[in-house]
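One structure is given here, and the rest of the page talks about it.
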Amino acid sequence: MKTLDWHTIRVDDALPPLRIEVTATVIVAGAIATRDFMPVHHDRTYANTQGAPEIFMNIMTDNGYVSRFLTDWAGPDAMVKKIAIRLGVPAFAGSRLEYTGSVTGKSEGAGEGLVEVAFRASNDLGDHVSGTAVLGLPLARGGT
Amino acid sequence: MSSETTAADPLRLLRGAIGRPIGPPSVAPDPVNQPMIRHWAAALEDHNPIYTDAAAAVASRFGEIVAPPMMLQTWTMPTPTITGIGDRGGSPVATTRNPLAVLDEAGFVGTLATNSEVEVERYLCLGEMVTATTVLESVSDVKQTRAGRGHFVTWVTTWRDARDEIVGRQTFRMLKFKPYGGSTP
């Protein structure tokens with residue numbers, strides 16, 4: 001994994017898309033790894049009693065996949081400074097999430113190169129999450 | 001508009017709590033640690049080497065293994081009591097007092113998370129202990145939404161390290177609403 005050179009990033013650059021097959025295993029693995037034991041994220045019978053047809057992804061896992069989507073692109077020396085999401089339709093077991101995003105701004109601040117990204121993760125019901133993020137990249141050329 | 005009248009007093013009650021911490025601070029049950037990070041990285045298939053590869057982490061700008069930034073809330077999640085979790089409405093622990101109960105009692109029984117904004121001051125390192133404090137930030141007037149009429153409620157949770165310095169915060173907004181037809185979507 002290499003970190004992008006901030007100087008070569010351009011506004012409107014597209015991030016490589018990320019596709020997640022949202023199986024029950026993906027949902028349960030994310031919920032327990034984030035220590036979210038709410039039954040709607042692991043127990044379909046319970047989810048049904050709450051009016052949901054299936055278990056669905058929890059918000060901490062949503063934020064985790066967004067940070068992965070960002071750093072898979074920007075590299076290990078990128079620091080996630082901010083992730084702001086609007087929560088839309090649920091991500092139910094058996095669905096597929098497609099993450100897309102692009103660079104919306106660049107600036108320099110506190111010895112770092114900042115990059116703003118707008119992104120969304122959609123499924124067959126619509127936008128599951130959409131929002132904006134800020135990454136900080138080292139400014140020195142020829143870094144790791 | 002009898003419903004508006006009955007909702008006014010709970011709203012005043014709830015707004016009286018704005019700016020004050022909701023309950024005592026949540027202290028992480030365990031320090032930031034490699035097993036939980038490895039578990040998280042495997043679950044989300046996040047292969048960023050700074051989370052699990054000591055040599056790569058040392059060579060990075062971070063200089064050592066760091067926790068995934070979006071694990072911030074995970075560190076202070078309460079240790080669950082599995083028995084009875086369904087009977088508690090899905091709450092992992094027995095809750096003492098939910099400040100939003102006044103809205104439920106006024107008929108705003110639906111809950112829909114709408115926004116999350118996580119700001120990261122710095123990444124956490126192995127061995128660090130974090131504490132979270134949650135403050136009620138705002139309660140909107142009644143709004144007409146697609147889900148029904150409801151109030152937007154916003155909290156801010158702030159995480160601090162052992163030196164009491166802020167490491168990150170999350171602004172979280174949810175809609176408490178009166179479901180159409182009396183059922184929660």
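The values are calculated or read from the model by the stated rules, or taken from the named source; none is laboratory data. Worth saying up front: this structure is predicted, and the values here are computed from it rather than measured. Quick reminder, even Gly has a Cβ in these numbers, built from the backbone with ideal geometry, and neighbours come from all protein chains shown. Heads up: the accessible areas ignore ligands, DNA and RNA and are worked out on the full protein's heavy atoms, side chains in. Shrake-Rupley method; radii C 1.70, N 1.55, O 1.52, S 1.80 Å.
Of all accessible surface on the protein assembly as shown at a 1.4 Å probe, what whole percent is carbon and sulfur? Walk me through the numbers on the way to the answer.
Details: 8300 of 15290 Å².
For the protein assembly as shown, the apolar C and S fraction of the accessible surface comes to 54 percent.
Which residue, A:94, A:109, A:30, tops the fluctuation ranking in a GNM of chain A built on C-alpha contacts under 10 Å?
Comparing A:94, A:109, A:30 in the GNM, the peak value goes to A:109.
Once you average over the residues of A:61-70, how many Cβ atoms of partner chains fall within 10 Å of each Cβ?
Details: counts 4, 3, 9, 10, 4, 3, 9, 8, 1, 1.
That works out to 5 on average.
Show which aspartates and glutamates lie in cross-link reach of residue B:176 when reach means a straight Cα distance below 17 angstrom and same-chain residues fewer than eight apart are skipped.
Once the sequence-local aspartates and glutamates are set aside, what remains near residue B:176 is B:4, B:9, B:104, B:105, B:137, B:141.
Could you list the GluC sites (Glu not before Pro) in the range B:90-185 that lie in coil according to DSSP, counting only those with at most 10 other Cβ atoms within 10 Å of their Cβ?
Details: sites: B:105, B:117, B:119, B:121, B:128, B:137, B:165; in loops: B:121, B:128, B:165.
Answer by residue number: B:165.
For a quick check of your reading of the filter: which trypsin sites (Lys or Arg not before Pro) in the range A:1-41 sit in a DSSP loop and have no more than 14 other Cβ atoms within 10 Å? List each step's numbers first, then the result.
Numbers: sites: A:2, A:10, A:19, A:35; in loops: A:2, A:10, A:35.
Of the trypsin sites (Lys or Arg not before Pro), the ones in loops of the range A:1-41 whose Cβ has at most 14 other Cβ atoms within 10 Å are A:2, A:10.
With angles folded into 0 to 90 degrees, how steeply does helix B:2-15 sit against the dominant principal axis of chain B? Use alpha carbons for both and round to 10.
Once rounded, one gets 40 degrees.
Where in the range B:9-112 are there trypsin sites (Lys or Arg not before Pro) that are in a DSSP coil and have at most 16 other Cβ atoms within 10 angstrom of their Cβ?
Working: sites: B:12, B:15, B:38, B:61, B:88, B:97; in loops: B:61, B:88, B:97.
Answer by residue number: B:88, B:97.
Counting Lys and Arg as +1 and Asp and Glu as -1, each charge on the Cβ, what is the dipole of the range A:6-138 about the Cα centre in debye, to the nearest 20?
Roughly 120 debye for the range A:6-138.
In a GNM of chain A with a 10 Å cut-off on Cα contacts, which of A:31, A:110, A:47 has the highest mean-square fluctuation?
Result for chain A, Cα springs under 10 Å: A:110 fluctuates most.
To test your reading of the geometry: what angle, between 0 and 90 degrees and rounded to tens, separates the Cα axis of helix A:59-74 from the longest principal axis of chain A?
30 degrees
What does the structure give for A:20-29 when I average, per residue, the other chain Cβ atoms found within 10 Å of the residue Cβ?
Values: counts 2, 0, 0, 0, 0, 1, 3, 0, 1, 6.
Per residue, the average neighbour count from other chains is 1.
Considering only B:29, B:80, B:21, give the residue with the highest GNM mean-square fluctuation for chain B, with springs between Cα atoms whenever their separation is below 10 Å.
B:80
Along Cα→Cβ, 7 Å out, is where each label goes; now give me the distance between the ones at residue B:47 and residue B:34 in nm to one decimal.
2.1 nm
Could you tally the net charge around residue B:165, taking each other residue with its Cβ under 13 Å from the Cβ of residue B:165, Lys/Arg +1 and Asp/Glu -1?
Values: positive: B:122, B:160, B:163, B:169; negative: B:121, B:128, B:161, B:164.
After counting each charged neighbour, the total is 0.
Residue by residue, what Karplus-based ³J(HN,Hα) values in Hz, rounded to whole numbers, does the range A:121-129 have, using 6.51, -1.76 and 1.60 with θ = phi - 60° and x for Gly and Pro?
Karplus values, whole Hz, x for Gly and Pro: 10, 10, 9, 5, 8, x, 7, 7, 9.
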